[in-house]
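Worksheet: one structure, shown below.
The values are calculated or read from the model by the stated rules, or taken from the named source; none is laboratory data. Bear in mind that the values here come from a model prediction, so they are computed numbers and not experimental data. Here the Cβ positions follow ideal geometry from the backbone for every residue, glycine too, while neighbour counts run over all protein chains shown. All accessible areas refer to the heavy atoms of the entire protein, side chains included, with ligands and DNA or RNA removed. Shrake-Rupley method; radii C 1.70, N 1.55, O 1.52, S 1.80 Å.
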Amino acid sequence: MTTTELWTLIPLLILACGSVLVLMLGAIVPGRCGTAIGVAACAGTALWALLAPPQPMAPPTLGVTFTPFARFFLAFFAVTAGLSLLLAHDHAARQGLKGEEYPATVLFGAFGMGVVASAANFLTLFLGLEALTFAFYILVAYDHNRPASGEAGLKYLLMGAVSAAFVAFGIALLYGATGTLEIGRAVAASAAGGGIALAGWGLLLAGLAFKISLAPAHLWTPDIYQGGPTPVVAFLASGSKGAAIALFLLILPPLGGIGPLRAPLWGLAFLSMTVGNLAALLQPNVKRMLAYSSVAQMGYVALALLSGGRGYEAAAFYAVAYGAMGLAAFGALASLEGETPLEQVDDLRGLGYHRPFQGVVLAVAMLALAGIPPTVGFAGKFAIFFAALKGGEAPLAIIGILTAAASAYYYLRVVVNLYMKQADEAGSRQRPTVAEALSLGIAALAIIILGIWPGPLFDLAAAILL
Amino acid sequence: MTSYPILTILIFLPLAGCLCLAPVWSRRAAVRPIALGFAVAELALAGWLLVTAPGMPTAPGAPAGYFLWEDAAWIERFGIRYLLGMDGISLLMGALTAFITVVAMAVSWRAVTERTALHYFLILLMESGIMGVFLALDLVLFYLFWEVMLIPMFFLIGIWGHGRRIYSAVKFFLYTLAGSLLMLLAIIGVYLIHGDATGTYTFALPLLAKAPIAHAAAPWLFGAFLLAFAIKFPLFPVHTWLPDAHTDAPTAGSVILAALLLKTGAYGLVRFGYPLFPEAARGFTPLLSVLAVVGILYASWIAYAQEDMKRMVAYSSVGHMGFVALGIASWSPVALSGSILQMVNHGVTTGALFALVGMLDERTDTRELAAYGGVWGKAPKLAFFFLLFAMASAGLPGLNNFTGEFLILAGVFRTTPAAAAIAFIGIVLPLIYTVRLVQEVLFQTERQPLQLPDVTLREGALLAVLALIGVSIGVHPKPLLDILKVPVALLTGTAP
């Protein structure tokens, strides 16, 4: 292994070795150091990804690169994983979930996401995708006290397997059509690859639609979000969605104009925005509601991807924006959960006054998801609709903005319950621990600061896609 | 003096007040003076500008008419700038905002006993947002403030409101959001179309207005702006959120809603709608006039049928704002000055009426007309102010509303006599419901033995100030009209 290769691999190695280390230490000294090591590994990866000097291009045989794109997403995944670990630590203790496998698997999932973002050929891409999905099979089913968690894990496994099959077959067809697994070359060559390449793209899109939960491939999402442990859902919403967006951004821009893929992606975006928002309107379960909301939010991302050009930047920006909003929303819910999970929107009654910190974070996340300025949700939506109009997708943009207006209703429902209704048994809800407060504080600050001052992140998103 | 970022201070001083409330959050005794202190400081600043600014020359780098100007890069990737400017119109609206905020704080001084800090926090936050709306000249910055001012009002109605407060709060929010989201698309559309046509991609109003859009999409874009503004106005038939929001809002919320939020719609149309799309706007003028006239007549008719005082005043608002819309639609210097003056008048008069209804409600816990009667005998001072502002609202000459309505009708008569003729009826109709209001509440024999102590010193002082302003504008509106002269002439293209 050359030094260049080693330098390229370091951020991924930190995550992978961190995961193994946590697992082994857990067997020797079962204690509480797993989260600490995990957070340290995440911080290390993020710092390395952001601060390491530019590296020469690694040879293609390695399968991964350390491009600005990879750095950006590595840092993002490491931060979301670290914040999720902070959320999970005390939550797991309250719900009686023991074992260092939890933080270890979170780290492994982050490793998988990192591999996706740094992949240079389709094989590593697929392996990364599988690694991260595999981590979530375990994490979603981790809460052995609740049957719903196991059920969710099984559903996720089945859906994940189907989607993996689609992706694998799509990659195989692309390989067959172009004769190379290198992403850049395969994408370029696929333009002349005829029907087989097109079928490959179609299958890939279908598989990814599952991952990013675009309607009509979204049916698993509400069950998984409802059943999984809430900090895991926070990580799933922020990290896993981000990884799927990163994957799209790896393969779509080199394609240069999505051509025949436009029609299916248009349909997916349209269905996601409408179905997601409409289904969330009357959903009484808060986690299911946020699941449908995530379907809708990914519909906006699909709109951005469809528009091309500035849309890719908007999608990269929105990955971070949704990451912050998802962490804040699910993190606040997780921090309120004691032994019993928080189920209904009604359960939030009056919590804005009894648990002011979590209430504010949740309310900010809701307003951000609804796209109200000055939050990152507004900046992201602005960029998406900007790109959509610029890319000539005006009809879909109008549909999207109308569904966004409707969506405000269910986001407001949470805020209404937090601040405008009387609590009946607020005493049973948790106050935030230090770790949770830190994690929530970072997410909420990111929502506000990136909303008021989104310029640098927009510039960065544009720079990594060059 | 131009070296200080006065406009930024105007916008962010209330926000600083919000932050200063944090350390004393749970101490009601400390919260109120601090909040009021910031509001009064803001009012002092705005008042000082009102006195000194008319003589100021155009600021360096600013288009004609703008005597204060701030411009800084904000989100360069999209060409969005932090662009603020103040001309005569913004000045009047800004001063009104600072004044009404103080009024709103004063009327809720005793009424709000729960979550006091949050209440004042939201009022200050809203002041920042509204001030931003009146000063921003970059379309995206304007949109940002436009939405920011929604949230505090939503909370004010939802937390301290009465009756179906949550329903009304959500309805208010969704109505306005739906309109403004389409405006957001139109804003982006303006940017792209203007940029494609001229090569300069910008959200800055002065640049955009220099080369108005002559594209087939212009009517659609204007339509989106108009919808957002019409909902805020509110124009018939998108006014239905207003009676609910007003009725269920706490007094401070009603005062701010009527006196300030409604003005943002009219202001937006004057500042952005017409200058950006002069051609398309002309095409919409008949529609706007018809809606305005229908609104005036319909609102007066409905107001007469109300049994709830607050609802009656709320419908009267719809009617008054119809006059403002009518004046804007004619886009002639006289009518437009009248409209802007009427915005100030309506803010003062209707704000005062809502404050009075709030005071009655505070004393007796009812707003039903049928419950009152004989107030003149029980609380003569309160009744005097009630009569005064009711008469002002009905357009009695010598009081402020008359000046605005007169100018509007005089201006409109020259452009569209038919509309003016019908609108004249709209001057008479308010008399009918106002007389009913005054007769039933003040003069009717006592119908229920209500405990009605007269105004306190705080309330009396507040009402006296409002009355003083009302009478002085009614008798001598010239200083305000002088401030408006230059910007209105520039807007209507009649500048020398």
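Looking at segment A:386-397, which of the residues that are in contact (Cβ under 8 Å) with a residue 40 or more places away in the chain and within 7 Å of another protein chain (Cβ to nearest Cβ) is surrounded by the fewest Cβ atoms within 10 Å (Cβ to Cβ)? So the residue we want is A:390. Residues that are open to solvent by 30 Å² or more (accessible area, probe 1.4 Å) and within 10 Å of another protein chain (Cβ to nearest Cβ) within segment A:398-454 comprise A:398, A:402, A:406, A:409, A:413, A:421, A:452, A:453, listed in sequence order. Restricted to segment B:154-174, and to residues there that are facing another protein chain (nearest Cβ under 10 Å), of a type in the set (A, V, I, L, M) and more than 14 Å from residue A:409 (Cβ to Cβ), the residue that is surrounded by the fewest Cβ atoms within 10 Å (Cβ to Cβ) is B:159. Residues in segment B:175-210 that are more than 12 Å from chain A (Cβ to nearest Cβ) and among the small types (Gly, Ala, Ser): B:197, B:199, B:204, B:209.
For segment A:216-308, give me every one of the helices (runs of 4 or more DSSP H) that falls completely inside it and has 3 or more residues that are closer than 25 Å to residue A:432 by Cα. The qualifying helices (runs of 4 or more DSSP H) are A:220-227, A:230-235, A:286-307.
Here is a check on your reading of the model: is residue A:78 more than 16 Å from the chain's Cα centre (by Cα) and open to solvent by less than 30 Å² (accessible area, probe 1.4 Å)? Considered against the rule, which asks whether it is more than 16 Å from the chain's Cα centre (by Cα) and open to solvent by less than 30 Å² (accessible area, probe 1.4 Å), residue A:78 comes out as no. Of the residues making up segment A:85-101, those that are assigned to a helix (DSSP H, G or I) and either touching a Gly at 6+ places or on another chain (Cβ under 7 Å) or open to solvent by 40 Å² or more (accessible area, probe 1.4 Å) (or both) are A:85, A:87, A:89, A:93, A:94, A:101. Please specify each residue of segment A:27-52 satisfying the condition of being open to solvent by 80 Å² or more (accessible area, probe 1.4 Å) and either within 27 Å of the chain's Cα centre (by Cα) or of a type in the set (D, E, K, R) (or both). Within segment A:27-52, A:32, A:47, A:50, A:51 qualify.
Given the condition within 23 Å of residue A:215 (Cα to Cα), buried (at least 24 other Cβ atoms within 10 Å of the Cβ) and touching a Ser or Thr at 6+ places or on another chain (Cβ under 6 Å), answer yes or no: does some residue in segment A:327-350 qualify?
Taking segment A:327-350 and keeping what is within 23 Å of residue A:215 (Cα to Cα), we get A:327, A:329-330.
Applying the additional criterion that residues be buried (at least 24 other Cβ atoms within 10 Å of the Cβ) yields A:327, A:329-330.
With touching a Ser or Thr at 6+ places or on another chain (Cβ under 6 Å) added as a condition, the list becomes A:327, A:330.
Yes, that holds for at least one residue.
Meeting the requirement of 2 or more residues that are more than 14 Å from chain A (Cβ to nearest Cβ) and open to solvent by 10 Å² or more (accessible area, probe 1.4 Å), the helices (runs of 4 or more DSSP H) wholly within segment B:30-148 are B:88-107. Take the conditions (1) under 30 Å from residue B:191 (Cβ atoms); (2) surrounded by fewer than 22 Cβ atoms within 10 Å (Cβ to Cβ); residue A:324 misses just one of them, which is (2). In this structure, residue B:426 does not qualify as in contact with a helix residue (DSSP H, G or I) (Cβ under 9 Å, 6 or more places away or on another chain), crowded, with 21+ Cβ neighbours inside 10 Å, under 25 Å from residue B:305 (Cα atoms) and free of Cβ contacts under 8 Å to residues at least 40 places away in the same chain.
Annotation: of all residues in segment A:130-170 being touching a Leu at 6+ places or on another chain (Cβ under 7 Å) and part of a helix (DSSP H, G or I), the one that is surrounded by the most Cβ atoms within 10 Å (Cβ to Cβ) is A:136. Among the residues of segment B:193-237, just one is surrounded by 17 or more Cβ atoms within 10 Å (Cβ to Cβ) and polar (S, T, N, Q), namely B:202.
Quick check: is even one residue across segment B:321-339 open to solvent by 30 Å² or more (accessible area, probe 1.4 Å) and either within 25 Å of residue B:472 (Cβ to Cβ) or hydroxyl-bearing (Ser, Thr, Tyr) (or both)? Yes. Residue A:377 meets all of the listed conditions (1) under 27 Å from residue B:157 (Cβ atoms); (2) at the interface with another protein chain (Cβ under 10 Å from one of its Cβ atoms) but one, namely (2). Between B:85, B:79, B:61, the distinction of being more than 26 Å from residue A:383 (Cα to Cα) and modelled with pLDDT under 95 belongs to B:61 only. Output yes when any residue across segment A:111-131 is out of contact with any strand residue (DSSP E or B) (no Cβ under 9 Å at 6 or more places or on another chain) and of a type in the set (D, E, K, R), and no when none is. Yes.
Pairing each residue of segment B:378-400 that is modelled with pLDDT of 90 or more with any residue that is open to solvent by 30 Å² or more (accessible area, probe 1.4 Å) and assigned to a helix (DSSP H, G or I), provided the two are 6+ apart or on different chains, yields C-beta distances under 6 Å for B:383/B:376.
Taken together, the residues in segment B:261-293 that are farther than 28 Å from residue B:360 by Cα and touching a Leu at 6+ places or on another chain (Cβ under 9 Å) amount to 19.
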